[in-house]
Number of protein chains: 2
Amino acid sequence: MAGHGHPYSPAELELPGFVPQRLSQVEILAPFLGASLLVALAVWLVSGRCGGRLSRTDRLLMCWWAFTGLTHVVLEGPFLFTPDFFSKEDPNYFDDLCKYHRRSLYRFIISDSAEYSKGDSRYAARNTGILALEMITIGLKGPASLLAVYAVASRKSYSHILQLAICLGQLYGCLFYFITAYLAGFNFWVSPFYFWAYFVGANSSWVVIPTLIAVRSWKKICAAFEAGKLKTR
Amino acid sequence: MAGHGHPYSPAELELPGFVPQRLSQVEILAPFLGASLLVALAVWLVSGRCGGRLSRTDRLLMCWWAFTGLTHVVLEGPFLFTPDFFSKEDPNYFDDLCKYHRRSLYRFIISDSAEYSKGDSRYAARNTGILALEMITIGLKGPASLLAVYAVASRKSYSHILQLAICLGQLYGCLFYFITAYLAGFNFWVSPFYFWAYFVGANSSWVVIPTLIAVRSWKKICAAFEAGKLKTR
């Protein structure tokens, strides 16, 4: 634990009223991974019932868009609306025993941002760049990702262009995220483990997968124009 | 002139070694507007010689992409590579009289960032968010805009998707730019004139025009897929 009573890096970061996290890393990550797998499984099974119209790739894409959309809205959303997440005790109105589950969910939501801050303390510090990124992610990319699930399922003509737009937004966001971290000192993680696991590891999915989807959608769109050209010749 | 010897806002911003600008506002803006008009005119005339294949809209788009691409690279580029632009005297190696034009160009390039900083002092302060934005703009959006001139002229199948991708990047950048300014205190301009003329006015072109182009390209791409669907029925 550093000089200012919190575990984050850099040690001189001031977090008035800091309260240590109550949940362990496993208690935070296991529900997240479990819920994500459940969502993906549900989307996979439901999309399989669409009378065989959807290819395996389309069904996998739907799983991804449901996962990333819900992550943006449900997991990242509370970060915006609980600016003092690192100082939250359980609030009083949760002390009724029958409200145990709501309290657990609340605790989980608070702990998620606190845990991720070990890999990037700019979240705990409410860095303006991070806040702006998260506002755009939660307000635009999250809902657009959920729309993409529907667009892929119903084979809308805007499906590829919507997917490409979200992917470019995610890649732009990641690029910005990494460049600002580099320019601002590159010392926002508790240890190399958190650097690799959270800062690099957790974010790399939002570099690799959007790149693959963007390339695929780009090719499909070009092919649609090529087909149009052949037709009009 | 504020307490710290520079004209920028907020007054407490520290700019060690600040040297007042030598060029007036007119001496900075007139060459920029003049050169922009010349570029647009040249592209308009050259594109008109393409044997009538290109529509007026395509030719206007080419003018815009040439203007925005060159602005990103030529006007914004030097900002990245002259971190101390606000403290630059004319460097010694320009003191030969026959190097007058190089000196003028250099002075103009330095003054451009100094002048714009009156509308947003985060440029003079080398704010990390602004630096990251400019890196992405200069490194990716600038070259991609110049590629778009070629793509529109030669009616490439990737023309619309490329234009949409750049437009979304520009809109994402503007959104980020305005949100971070709001979160960081919204006090980066010398006076209301500079707020409206530079911060709002100069940037609004990169909100309005990319929105129009993005909507147009989005519709064209959807139409290409609709045409494909009709064909396969």
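The values are calculated or read from the model by the stated rules, or taken from the named source; none is laboratory data. The shown structure was predicted, so the numbers you read here are calculated from the model rather than taken from an experiment. Because the Cβ atoms are built from the backbone with ideal geometry, glycine has one as well, and the counts that use them run over all protein chains shown.
For the residues B:172, B:123, B:194, the requirement of being crowded, with 16+ Cβ neighbours inside 10 Å and within 8 Å of chain A (Cβ to nearest Cβ) singles out B:172. Of the residues screened, residue A:123 is not one that is closer than 19 Å to residue B:215 by Cα and of a type outside the set (Gly, Ala, Ser). In the range B:85-99 there is at least one residue that is more than 18 Å from the chain's Cα centre (by Cα), modelled with pLDDT of 75 or more and not in a loop (DSSP other than H, G, I, E, B). So, of the residues in the range B:1-42 that are closer than 23 Å to residue B:186 by Cβ and modelled with pLDDT under 85, which turns out to be surrounded by the most Cβ atoms within 10 Å (Cβ to Cβ)? In this case the residue turns out to be B:4.
Summed over the range B:175-191, the residues that are over 21 Å from residue B:74 (Cα atoms) and more than 8 Å from chain A (Cβ to nearest Cβ) give a count of 10.
In summary, no helices (runs of 4 or more DSSP H) completely within the range B:1-84 bear 1 or more residues that are at positive phi.
Within the range B:204-233, the set of residues being closer than 17 Å to residue B:157 by Cβ and more than 10 Å from chain A (Cβ to nearest Cβ) comprises B:216 only. Of everything listed in (1) without any contact (Cβ under 8 Å) to a residue 40 or more places away in the chain; (2) surrounded by 21 or more Cβ atoms within 10 Å (Cβ to Cβ); (3) of a type in the set (Val, Ile, Thr), the single unmet condition for residue B:136 is (2). For the range A:142-166, a residue qualifies if it is of a type outside the set (Gly, Ala, Ser) and more than 10 Å from chain B (Cβ to nearest Cβ), and the qualifying residues are A:143, A:146, A:147, A:149, A:150, A:152, A:163.
Residues that are in contact (Cβ under 8 Å) with a residue 24 or more places away in the chain and of a type in the set (Val, Ile, Thr) within the range B:168-190 comprise B:180, B:190, listed in sequence order.
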